[in-house]
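Read the structure below first, then the notes.
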Ligand code: ACO
């Protein structure tokens with residue numbers, strides 16, 4: 001008889017990892033032992049990619065090597081760019097990203113058994129190419145030609161360059177770089193778990209990342225960033241925050257970008273993103289998104305306390321993602337794609353970790369359907385399929 005566990009696997013340990021650790025009660029996140037409070041202000045995304053994929057921070061020589069490799073692998077196969085040009089311009093960016101990432105497998109080398117190679121270089125390839133896909137679709141749907149990647153720029157700088165054709169200001173590049181660092185890994189979250197389940201069947205890295213992308217898109221996970229943006233646009237300004245929050249909670253809905261399964265205190269990533277949102281808002285000059293976001297978070301806490309004394313709620317990583325990415329000029333429906341461009345570092349690290357010591361992930365379920373009974377021939381079936 002299987003053991004019944006909590007719905008949603010809450011509190012269930014399904015494996016171990018050396019990539020990252022989430023300490024939900026104290027609000028700490030570490031990548032291979034390094035606190036994101038240290039990584040966010042000090043490390044670049046490329047350093048974090050090396051940390052997650054190779055197991056240690058790079059020295060200068062190793063950093064130069066991974067930057068060179070990332071720069072060299074950014075371009076997309078021409079047929080995939082052509083495919084994007086034939087997609088309806090109304091297509092949702094996450095649908096395009098998931099489809100084209102899956103398509104990358106069609107153009108990747110295979111071994112003697114016809115299988116794709118799932119190694120650290122394929123992982124770097126995906127880290128390099130995903131921002132190119134997002135930026136290319138961003139331009140194609142606006143009726144513009146995609147811009148070829150610039151191998152000299154950082155991942156963050158190059159993404160912004162490929163969108164606009166302009167090398168970004170350091171403030172913008174650093175903001176996106178820090179965002180990617182903060183999003184790079186988060187233990188066995190839903191999309192990473194999906195990637196590991198796929199990899200455990202010995203599906204290749206393209207298939208496993210496609211499973212992760214599919215799992216990220218829902219608004220209880222990475223889709224919340226786009227949903228939080230829509231909330232901020234609806235609220236319009238800080239003065240409307242409390243009335244808006246009351247309306248949402250009274251109608252039994254959730255405030256997107258708030259709450260977290262693991263964190264019982266504020267998500268440590270939210271603090272860095274909030275500070276970045278404030279700085280960017282001052283740089284961009286005038287947009288009310290940061291102030292609105294701050295007011296919505298405050299109002300959520302206040303109204304929830306009133307409704308359920310003793311309960312509280314905090315912003316998660318997706319909440320201040322909205323003002324940061326919006327102030328970088330990125331459209332709201334692309335936010336989940338940017339999340340994926342950071343998380344690909346963690347997903348691919350987890351896939352390689354799973355493959356290095358694999359066992360098929362195959363849990364059980366209790367059966368609570370009808371009891372077993374005889375097969376009913378079709379001519380004897382009533383409206384519900386049982387005997388007429
Ligand atoms: N707004 C209002 N109430 C909330 C919210 C929220 N955002 N989040 C949780 N609650 C309330 C629930 O209504 C519930 O109340 P109840 O006990 O009175 O029924 C209680 O808090 C617990 O909620 P659960 O859904 O059981 O908690 P769970 O651990 O499953 O939720 C989740 C985690 C799904 C993230 C939830 O907080 C949520 O829906 N947030 C909004 C979506 C979101 O921001 N997702 C991104 C998460 S971060 C990430 O994936 C990168």
Counted residues, the range 219-238 - those being more than 9 Å from the ligand (Cβ to nearest atom) and buried (at least 21 other Cβ atoms within 10 Å of the Cβ): 5
Selected residue (criterion: nearest to residue 311 (Cα to Cα)) from residues of the range 247-268 that are buried (at least 19 other Cβ atoms within 10 Å of the Cβ) and more than 8 Å from the ligand (Cβ to nearest atom): 263
Count of residues meeting criterion [surrounded by fewer than 18 Cβ atoms within 10 Å (Cβ to Cβ) and within 15 Å of the ligand (Cβ to nearest atom)] in the range 302-331: 9
Any hit, the range 262-269, residues being in a helix (DSSP H, G or I) and touching a helix residue (DSSP H, G or I) at 6+ places or on another chain (Cβ under 9 Å): yes
Number of positions in the range 283-336 that are under 22 Å from residue 218 (Cα atoms) and outside any helix (DSSP H, G or I): 6
Index of the failed condition, residue 278 passing every other in (1) more than 12 Å from the ligand (Cβ to nearest atom); (2) over 30 Å from residue 30 (Cβ atoms); (3) touching a helix residue (DSSP H, G or I) at 6+ places or on another chain (Cβ under 9 Å); (4) without any contact (Cβ under 8 Å) to a residue 24 or more places away in the chain: (2)
Test result for residue 241, within 17 Å of residue 321 (Cα to Cα) and within 16 Å of the ligand (Cβ to nearest atom): no
Check on residue 273, under 27 Å from residue 343 (Cβ atoms), more than 14 Å from the ligand (Cβ to nearest atom) and under 25 Å from the mean Cα position of the chain (by Cα): no
Residue count for the range 85-125, restricted to those that are within 30 Å of residue 50 (Cβ to Cβ) and in a helix (DSSP H, G or I): 20
Neighbours by Cβ (under 8 Å, 6+ apart or cross-chain): first from the range 290-314, without any contact (Cβ under 8 Å) to a residue 40 or more places away in the chain; second in a loop (DSSP other than H, G, I, E, B) and within 12 Å of the ligand (Cβ to nearest atom): 297/314; 301/312; 301/313; 301/314; 305/311; 305/312
Boolean, residue 148 is within 28 Å of residue 41 (Cβ to Cβ), out of contact with any strand residue (DSSP E or B) (no Cβ under 6 Å at 6 or more places or on another chain) and more than 16 Å from the ligand (Cβ to nearest atom): no
Filter pass, residue 146 being modelled with pLDDT of 95 or more, closer than 30 Å to residue 37 by Cβ, touching a helix residue (DSSP H, G or I) at 6+ places or on another chain (Cβ under 6 Å) and not in a helix (DSSP H, G or I): no
Near pairs, Cβ below 8 angstrom, 6+ apart or cross-chain, from the range 235-251 (over 14 Å from residue 294 (Cα atoms) and without any contact (Cβ under 8 Å) to a residue 40 or more places away in the chain) to any residue that is part of a loop (DSSP other than H, G, I, E, B) and within 14 Å of the ligand (Cβ to nearest atom): 248/254; 248/255
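The values are calculated or read from the model by the stated rules, or taken from the named source; none is laboratory data. Here the structure is a predicted model, which is why all the values come from computation and not from measurement. Virtual Cβ from ideal backbone geometry, glycine too; neighbours counted across all protein chains shown.
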